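Enquirer: Quick one: this structure, given as structure tokens, is what I'll be asking you about.
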Amino acid sequence: MTNSELLNVKHVSKKFEHAEKSGIRPVLTDINLAVKPGQFISIIGPSGVGKSTLLRMMAGISRPSTGTIDFAGRQIVKPSQRISMVFQNFALFPWLTVQKNIAFGLENSRKRNQGQIQQKVRDLINLIGLKGLEAAYPYELSGGMKQRVGFARALAVDPELLLLDEPFSALDVLTGEQLSSDLMTLWRQGDLNMKALVMITHNISEAVRLSNVIYVMNGSPGTLVRVYRLKTPVEQRTASQIMRKTLE
Ligand code: ADP
Ligand code: MG
């Protein structure tokens, strides 16, 4: 491993035990992937191949059965504020206002006092386009606005790595494209602390539009079968065609 790598997944496999069948089911095998600063990585693959399982291990929510995942040179053993995650179904706290949802990860912060937390939340509300909705509850919001809260909550802790599990797939196409292009603007402006992103998606054109490295996951147990590094529009078009074939 070199120091330039932010996240390093080495020979990771994951098995789940089936309580009822007293059997063991391998879900992922020999996953190898390195995330470098500046990269926006997408992972595409069919449903059930283990994409969310891999992302949860990167977040420290779940542990590999074998292999290791290092973040900034140290093995990930539990969740930390340096890595945060956005979920397909928003996973907001329904009993909390927008303001409190966003502040959630900061409440136990030793780095910030209440005034600083409030300021941080206000900044994010402006940045992510949630102005005027501070006191609203999740049920009062459209899907697009809910996911804006999901992004703001994930970004509140100033993560170095942002993990996205199909963040736009519950939204209609236009809403998803608007939110993803707002995210890209923030990412490219570079005024977030974020060094890299890893996104899971079903959507090849979304992966090609947003990311510079695309992994294709397939098989049972799932593994990474291809990687595309996209630099030019020609490569992007070719990659789309090849990926469609890989997934057929
Ligand atoms: P994907 O995100 O690619 O659709 P998942 O990672 O959600 O796939 O799931 C991959 C497989 O692992 C599925 O068969 C799923 O049922 C199984 N699985 C996921 N989480 C668990 C769990 N906690 N216990 C047992 N099986 C699980
Ligand atoms: Mg999934």
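Enquirer: Name the shape class, rounded, prolate or oblate, that the alpha-carbon gyration tensor gives for region 1-126, where a ≥ b ≥ c are the square roots of its eigenvalues, rounded holds for a/c under 1.5, and otherwise prolate holds if a/b is larger than b/c and oblate otherwise.
Expert: Prolate, since a/c reaches 1.5 and a/b exceeds b/c.
Enquirer: Taking amide H atoms as placed 1.01 Å from N in the peptide plane, list the residues 5 or more away in sequence, or in a different chain, whose amide H sits under 5 Å from that of residue 16.
Expert: Correct list: 25, 27.
Enquirer: Report for region 107-248 the percent antiparallel among DSSP-assigned beta bridges with both residues inside it, nearest 5.
Expert: Of the beta bridges lying entirely in region 107-248, close to 55 percent run antiparallel.
Enquirer: Now for a different question. For residue 15, list the lysines whose Cα falls under 19 Å from its own Cα; do not include residues on the same chain fewer than 8 positions away.
Expert: Excluding near neighbours in sequence, the set is 51, 78.
Enquirer: Please tell me the relative contact order of region 10-54 in percent, rounded to the nearest whole number, where contacts are Cα pairs under 8 Å and at least six residues apart.
Expert: Working: 46 pairs, mean separation 14.5, N = 45.
The normalised contact order for region 10-54 reaches 32 percent.
Enquirer: A follow-up question, please. Counting only residues 5 or more places away or on other chains, whose amide H sits under 5 Å from the amide H of residue 43 once H atoms are built in the peptide plane?
Expert: Long-range HN contacts for residue 43: 199, 200, 201, 215.
Enquirer: Ok, one more. Return a whole-number percent for the relative contact order of the chain, with Cα pairs under 8 Å and 6 or more residues apart as the contact set. Don't jump to the answer; show the numbers that get you there.
Expert: Numbers: 451 pairs, mean separation 64.3, N = 248.
Reported as a whole number, the value is 26 percent.
Enquirer: Additional query: For the chain, what is the mean residue ellipticity at 222 nm derived from helices alone (per DSSP H run of n ≥ 4: -39500 (n - 2.57); sum divided by total residues; nearest 500 deg cm²/dmol)?
Expert: When only DSSP H runs of four or more count, the value is -10000 deg cm²/dmol.
Enquirer: Now for a different question. Placing unit charges on C-beta atoms (Lys and Arg positive, Asp and Glu negative, everything else neutral), compute the dipole magnitude of the chain about its Cα centre in debye, rounded to 20.
Expert: 520 debye
Enquirer: Here's a follow-up. Springs between alpha-carbon atoms under 10 Å, Gaussian network over the chain: tell me which of 98, 157, 225 tops the mean-square fluctuations.
Expert: 225
Enquirer: So what are the ³J(HN,Hα) numbers for region 198-213, from phi and the Karplus equation (6.51, -1.76, 1.60; θ = phi - 60°), rounded to whole Hz, Gly and Pro as x?
Expert: Taking θ as phi minus 60°, the curve returns 10, 10, 9, 8, 8, 9, 4, 5, 5, 4, 5, 5, 9, 10, 10, 9 Hz for region 198-213.
Enquirer: Looking at the square roots a ≥ b ≥ c of the eigenvalues of the Cα gyration tensor of region 74-213, which shape do they give, rounded for a/c under 1.5, prolate if a/b is larger than b/c, or oblate?
Expert: oblate
Enquirer: Mind listing the phi-derived Karplus ³J(HN,Hα) values for region 123-132, rounded to whole Hz, using 6.51, -1.76 and 1.60 with θ = phi - 60°, and x for any glycine or proline?
Expert: 4, 5, 4, 5, 5, 8, x, 10, 4, x
Enquirer: If you take every DSSP beta bridge whose two residues both sit in the chain, what share of them, in percent to the nearest 5, is antiparallel? Let's see the in-between values first.
Expert: Working: 22 of 41 bridges.
Bridges in the chain are about 55 percent antiparallel.
Enquirer: Further question on the same structure: Round to the nearest 10 and give me the degree value, 0 to 90, for the angle of helix 143-155's Cα axis relative to the longest principal axis of the chain.
Expert: Helix 143-155 sits roughly 90 degrees off the main axis of the chain.
Enquirer: May I pose another question? Putting +1 on Lys and Arg Cβ atoms and -1 on Asp and Glu Cβ atoms, find which of 135, 13, 178 reaches farthest to the positive end of the dipole of the chain.
Expert: So the residue we want is 13.
Enquirer: Let me know the whole percent of all Cα-Cα pairs from the chain that are separated by more than 23 Å.
Expert: Tail of P(r) above 23 Å: 52 percent of Cα pairs.
Enquirer: With just the Cα atoms defining each centre, how far is region 103-133 from region 1-71? Give it in Å.
Expert: For region 103-133 versus region 1-71, the Cα centre distance is 31 Å.
Enquirer: Straight-line reach from residue 10: which aspartates and glutamates have Cα under 12 Å away, leaving out those fewer than 8 places along the same chain?
Expert: Within the straight-line cut-off, residue 10 pairs with 30, 70.
Enquirer: Could you grab the relative contact order for region 40-108? Cα pairs under 8 Å, six or more apart, rounded to a whole percent. Present the calculation step by step, with values, prior to reporting the outcome.
Expert: On the way: 32 pairs, mean separation 13.5, N = 69.
Answer for region 40-108 is 20 percent.
Enquirer: For residue 181, put the label point 7 Å out on the Cα→Cβ axis and report which residues of region 147-172 keep their amide N under 16 Å from it.
Expert: Inside the label zone: 172.
Enquirer: To the nearest 0.05, how large is the calculated FRET efficiency for residue 226 and residue 123 if R₀ is 30 Å and r is the Cβ-Cβ distance?
Expert: It comes to 0.15.
Enquirer: In the Gaussian network model of the chain, springs joining C-alpha atoms below 10 Å, which of 79, 221, 94 carries the largest mean-square fluctuation?
Expert: 94
Enquirer: Name the most mobile residue of 190, 45, 105, meaning the one with the largest mean-square fluctuation, in a Gaussian network model of the chain with Cα contacts below 10 Å.
Expert: Greatest mean-square fluctuation among the candidates belongs to 190.
Enquirer: Per residue of region 99-116, in order, report the coupling 6.51 cos²θ - 1.76 cosθ + 1.60 (Karplus, θ = phi - 60°) as ³J(HN,Hα) in whole Hz, putting x for Gly and Pro.
Expert: Those phi angles translate into 4, 6, 4, 5, 6, 3, x, 9, 4, 9, 5, 8, 7, 10, 8, 4, x, 5 Hz.
Every number in this text was worked out from the coordinates using simple rules, so none of it is lab data. This structure is a prediction, so every number in the text was calculated from the model and none was measured. All Cβ positions, even for glycine, are placed from backbone atoms using ideal geometry, and neighbour counts span all protein chains on display.
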